[in-house]
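Novice: Attaching a single structure in structure tokens format; questions to follow.
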Amino acid sequence: MRYYVCVLVCLWLGVGIPARAQTVFEPVEYVNPLMGTQSTFELSAGNTYPAIARPWGMNFWMPQTGKMGDGWAYVYTANKIRGFKQTHQPSPWINDYGQFSLMPVVGKPEFEQERRASWFSHKGEVAKPYYYKVYLAEHDVVTEFTTTERAALFRFTFPENEHSYIVVDAFDRGSFVCIEGDNKIVGYTTRNSGGVPENFKNYFVIEFDKPFEYKHTFVDGKLSDDSVQQSHHVGSVIGFRTKKGEKVHARVASSFISPEQAELNLKELGNDDFETLVGRGKAAWNKVLGAIQVEGGSLDQYRVFYSCLYRSVLFPRKFYEIDAEGNTVHYSPYNGEVLPGYLYTDTGFWDTFRCLFPLLNLVYPSRNKEIQEGLINTYKESGFFPEWASPGHRGCMVGNNSASVLADAYLKGVRVADVETLYEGLIHGTEHVHPKASSTGRLGHEYYNTLGYVPYDVGINESAARTLEYAYDDWCIYQLAKKLERPAEEVERFARRAMNYKHLFDPETKLMRGKNQDGTFMTPFSPLKWGDAFTEGNSWHYTWSVFHDPQGLIDLMGGKESFVQMLDSVFAVPPLFDESYYGGVIHEIREMTVMNMGNYAHGNQPIQHMIYLYNYAGQPWKAQYWLREVMNRMYTPGPDGYCGDEDNGQTSAWYVFSALGFYPVCPGSEQYVLGTPLFPKATIHFENGKKMEIVAPGTDDTRRYIDRMKLNKRVYTKNYVTHKDLHGGGRIEFRMSERPNRSRGTGETDFPYSFSLEK
């Protein structure tokens, strides 16, 4: 009796209920899909949208506040909804494909996006990863929907009205629609932003549970009595009389393969009612998010953590389907054929090689096995591994970081069936560039493979960034070549190229600097100049892109003391910048300046590993200080939750790893470099049936420093843990302190891996 009185008192006082009262762990309920949606072209707070989906689902659904074709399709500051859109957009900069929408209206059959739009309030909005609900004030209609991987179920609650309608918009740039009978609409949309063959279509089917009393189509801005339309921009308007509170359901599915396959995909809904499907979606999310359980933090910390984990398991999305015989098949956005096997898409490796894919290898290896098999299919179908795919090859960013994504997975035990083709594709990418997507393969490989760097003065932009990333990618290939016991000459070639980063180090400034073809450094040189020789950053950001050999960089800078001074300087240098390369202040620059952390630009990826480098120079407490600052100051659970583009899970996965207390500085190695645990307790449940408990009693903002660490009851002084340590299960215990322990993690044997120290 005393316990239940305690619970009632806790509820009355608004304090937490003891753990005994919590019977079900539901991490999905902490997720805020609106985190990061308060973004604009000029300043990103995530550039996200509320993705209502299943983990890694083929189709996402979202409320659409932006105009048709607008990359900012949902913005938190908007006050009107134009429709509910099926989306595959990985980024507003890449934009969307395979999109169409539904929108309820009353009174008149308004189909044009401005006239059908309705006012809404976030107070009348519910957004969960598995469920969305909003009240459309203009039409007095409540719209709800929930999803499976390739299908969705809508529920529209109408007012009493003689003229209730639902608009199906197949969008512009080529579309088709057909009203079949009294309750079905089929069609396709071709609207895309690139990366597709000429025969690309997204076929859709929509079935309603209320017969149509009004049936019209629209074509290029005009209503028509015809039931079939094919033109630049078509859609349909169907209608019926409704009673107050009457619920009308729409079952929706789509396919990139065929109309028949869309009908098959509709069967994912089965005969389940709306509440049952909501429950199934919730269970699916809880299973995936529940692989990591955190305890003891604040409510906001839970919300940020699980919102970030949610973003980490959306992309890359499935692009495969299950045919009538139960076979896994996919439409290839690389050659336009329907082929067997897995395919995933909508990710940019320049962002996600850093820690998103390492998170998959650690926590979700069976999922990454499918993704890796899909990458092999991409190479077979196009002659290249992707670097930015949406849905096919896109020209965006730099680097050859598919080498990191593939090698890291294989070296951590995520093994594809055809490793010979994997290795063949990696070698091919070092010597070729895609004829239509120059960011795929290696632009400038002719120079890099002979001079050891991509010259600044040969007409190839962002040459220093390319060189640094190619050198790391070569180290990844070197590691895989060793594992596969390739010929010694081949292994040595990539080992030698992995040191190419040294060509760009300028001893005068102790920074990386573009170099001309004749071997002279570019002039004039401003470390604060964004772009030019670098990619969406400056030399202060890119100098640290020696993931595989921090000790080599330490040596170039003159030793550990000088190295630490340079790390400190990133925070000490004022947030000054030179934007002349771009001709204006790009949003990444503005996101750095507003965060008041000097020239540290966490809102973009090149510098996100930098803080962990203090561990390589014997001052891990500085990493612990700054990491907690970033977690506290640059992430919130609200609409302005990120400090820059979220970028397909990368910036989210950084938080997930960092909150656990470690981070994969160098994918391709087995090590995770220590930071500072955010939660008093975290448990990772691995697919092998084992679990790792990470306990840090008393950790908080004042107790952010690691005083002592034990791994499976043994005192542990190293500044890293290994993949094997974690997957073996057990317990990591931290004793946290208000003061730095300046003796722990300072010995040479405690430092993480560097290629220069490889025996």
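Novice: Mind checking which helices (runs of 4 or more DSSP H) fall wholly inside the stretch 248-335 and carry at least 2 residues that are in contact (Cβ under 8 Å) with a residue 12 or more places away in the chain and closer than 30 Å to VAL106 by Cβ?
Specialist: Helices (runs of 4 or more DSSP H) meeting the threshold: 259-266, 274-289.
Novice: Suppose we keep only residues that are in contact with a helix residue (DSSP H, G or I) (Cβ under 6 Å, 6 or more places away or on another chain) and of a type in the set (Ser, Thr, Tyr) within the stretch 143-180. Which one would you say is surrounded by the most Cβ atoms within 10 Å (Cβ to Cβ)?
Specialist: It comes out as THR146.
Novice: If the requirement is being in contact with a Cys (Cβ under 7 Å, 6 or more places away or on another chain), buried (at least 24 other Cβ atoms within 10 Å of the Cβ), small (Gly, Ala, Ser) and not in a loop (DSSP other than H, G, I, E, B), which of these qualifies: SER658, SER652?
Specialist: SER652
Novice: For the stretch 575-611, which positions are open to solvent by 10 Å² or more (accessible area, probe 1.4 Å) and not in a loop (DSSP other than H, G, I, E, B)?
Specialist: Listed by number, the residues that qualify are ASP578, HIS587, GLU588, ARG590, THR593.
Novice: Kindly indicate whether any position in the stretch 479-498 is aliphatic (A, V, I, L, M) and touching a strand residue (DSSP E or B) at 6+ places or on another chain (Cβ under 6 Å).
Specialist: Within the stretch 479-498, not a single residue is aliphatic (A, V, I, L, M) and touching a strand residue (DSSP E or B) at 6+ places or on another chain (Cβ under 6 Å).
Novice: Just checking, how many residues over the stretch 181-199 are surrounded by fewer than 19 Cβ atoms within 10 Å (Cβ to Cβ) and free of Cβ contacts under 8 Å to residues at least 60 places away in the same chain?
Specialist: 4
Novice: Go through (1) surrounded by fewer than 24 Cβ atoms within 10 Å (Cβ to Cβ); (2) closer than 30 Å to TYR470 by Cβ for GLY296 and report which single condition fails.
Specialist: Result: GLY296 passes all but (2).
Novice: Can you list the helices (runs of 4 or more DSSP H) found entirely within the stretch 341-439 that contain at least 1 residues being under 21 Å from PRO90 (Cα atoms) and open to solvent by 10 Å² or more (accessible area, probe 1.4 Å)?
Specialist: Once the helices (runs of 4 or more DSSP H) in the stretch 341-439 are filtered for at least 1 residues that are under 21 Å from PRO90 (Cα atoms) and open to solvent by 10 Å² or more (accessible area, probe 1.4 Å), what remains is 365-382.
Novice: Mind checking whether some residue in the stretch 9-32 is at pLDDT 95 or above, among the hydrophobic types (A, V, I, L, M, F, W, C) and either closer than 22 Å to LEU153 by Cβ or touching a Gly at 6+ places or on another chain (Cβ under 7 Å) (or both)?
Specialist: Scanning the stretch 9-32, I find at least one residue that is at pLDDT 95 or above, among the hydrophobic types (A, V, I, L, M, F, W, C) and either closer than 22 Å to LEU153 by Cβ or touching a Gly at 6+ places or on another chain (Cβ under 7 Å) (or both), so the answer is yes.
Novice: Same structure again: Given the conditions (1) over 30 Å from ALA471 (Cβ atoms); (2) touching a Phe, Trp or Tyr at 6+ places or on another chain (Cβ under 9 Å); (3) surrounded by fewer than 21 Cβ atoms within 10 Å (Cβ to Cβ), which single one is not true for ARG714?
Specialist: (2)
Novice: On to the next question. Within the stretch 448-458, which residues are part of a helix (DSSP H, G or I) and either within 14 Å of SER404 (Cα to Cα) or under 32 Å from the mean Cα position of the chain (by Cα) (or both)?
Specialist: Within the stretch 448-458, TYR448, ASN449 qualify.
Novice: Going by the conditions given, is ILE257 out of contact with any Lys or Arg (no Cβ under 8 Å at 6 or more places or on another chain) and either over 26 Å from VAL28 (Cα atoms) or aromatic (Phe, Trp, Tyr) (or both)?
Specialist: yes
Novice: In the stretch 561-574, what residues are touching a helix residue (DSSP H, G or I) at 6+ places or on another chain (Cβ under 9 Å) and either over 12 Å from TYR616 (Cα atoms) or surrounded by fewer than 19 Cβ atoms within 10 Å (Cβ to Cβ) (or both)?
Specialist: GLU561, SER562, GLN565, MET566, ASP568, SER569, VAL570, PHE571, VAL573
Here's the yes/no breakdown for (1) of a type in the set (Lys, Arg); (2) at pLDDT below 95; (3) out of contact with any strand residue (DSSP E or B) (no Cβ under 8 Å at 6 or more places or on another chain); (4) crowded, with 17+ Cβ neighbours inside 10 Å:
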{"position": "ALA45", "(1), (2), (3), (4)": "no, no, yes, yes"}
{"position": "GLY57", "(1), (2), (3), (4)": "no, no, no, yes"}
{"position": "ALA73", "(1), (2), (3), (4)": "no, no, no, yes"}
{"position": "ARG82", "(1), (2), (3), (4)": "yes, no, no, yes"}
{"position": "VAL106", "(1), (2), (3), (4)": "no, no, no, yes"}
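Results for (1) touching a residue at least 12 places away in the same chain (Cβ under 8 Å); (2) touching a helix residue (DSSP H, G or I) at 6+ places or on another chain (Cβ under 6 Å); (3) under 30 Å from ALA127 (Cα atoms), shown as yes or no for each residue.
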site: ALA623; (1), (2), (3): yes, yes, no
site: PRO639; (1), (2), (3): yes, no, yes
site: CYS643; (1), (2), (3): yes, yes, yes
site: GLY668; (1), (2), (3): yes, yes, no
site: GLN671; (1), (2), (3): yes, no, no
site: ARG703; (1), (2), (3): yes, no, no
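Novice: Going through the stretch 229-243 one residue at a time, which ones are open to solvent by 70 Å² or more (accessible area, probe 1.4 Å) and either within 23 Å of ALA151 (Cβ to Cβ) or in a strand (DSSP E or B) (or both)?
Specialist: GLN230, ARG241
Let's see how each residue does on (1) more than 32 Å from the chain's Cα centre (by Cα); (2) under 21 Å from TYR423 (Cα atoms); (3) open to solvent by 30 Å² or more (accessible area, probe 1.4 Å):
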| residue | (1), (2), (3) |
| --- | --- |
| ILE460 | no, no, no |
| ALA464 | no, no, no |
| ILE477 | no, yes, no |
| LEU480 | no, yes, no |
| ALA488 | yes, yes, yes |
| ALA495 | no, yes, no |
| PRO507 | yes, no, yes |
| LYS510 | yes, no, yes |
| THR520 | yes, no, yes |
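Novice: OK, next. Can you run down the residue pairs with Cβ atoms below 6 Å, 6 or more apart or on separate chains, where the first is in the stretch 718-744 and open to solvent by 30 Å² or more (accessible area, probe 1.4 Å) and the partner is assigned to a strand (DSSP E or B) and among the acidic types (Asp, Glu)?
Specialist: Correct list of pairs: ARG731/GLU693; ARG735/ASP707; ASN741/ASP707.
Novice: Further, regarding this structure: Quick one: ARG115 ticks every box in (1) assigned to a loop (DSSP other than H, G, I, E, B); (2) open to solvent by 20 Å² or more (accessible area, probe 1.4 Å) bar one, so which box is it?
Specialist: Failed condition: (1).
Novice: Quick one: in the stretch 118-132, which of the residues that are surrounded by 18 or more Cβ atoms within 10 Å (Cβ to Cβ) and of a type outside the set (A, V, I, L, M, F, W, C) is farthest from the chain's Cα centre (by Cα)?
Specialist: Taking the candidates together, the pick is SER118.
Novice: Under 7 Å by Cβ, and 6 or more places apart or on different chains, what pairs join a residue from the stretch 200-214 that is more than 23 Å from ARG150 (Cα to Cα) with one that is among the charged types (D, E, K, R) and surrounded by fewer than 20 Cβ atoms within 10 Å (Cβ to Cβ)?
Specialist: Sorted first by the residue in the stretch 200-214, then by its partner, the pairs are PRO211/ASP182; PHE212/ASP182; GLU213/ARG241.
Novice: Let me ask something additional. Yes or no: the stretch 576-583 includes at least one residue that is free of Cβ contacts under 8 Å to residues at least 12 places away in the same chain and of a type in the set (A, V, I, L, M).
Specialist: no
Novice: Follow-up question, since we're still on this one. Of the residues that sit in the stretch 261-289 and are surrounded by fewer than 17 Cβ atoms within 10 Å (Cβ to Cβ) and either among the small types (Gly, Ala, Ser) or modelled with pLDDT under 95 (or both), which one is farthest from LEU360 (Cα to Cα)?
Specialist: GLY270
The values are calculated or read from the model by the stated rules, or taken from the named source; none is laboratory data. Just so we're clear, the structure is a prediction, and the values are computed from it rather than from any experiment. When we count neighbours, we look across all protein chains shown, and the Cβ atoms used for this are built from the backbone with ideal geometry, even at glycine. For accessibility, only protein heavy atoms count, side chains too; no ligands or nucleic acids. Shrake-Rupley method; radii C 1.70, N 1.55, O 1.52, S 1.80 Å.
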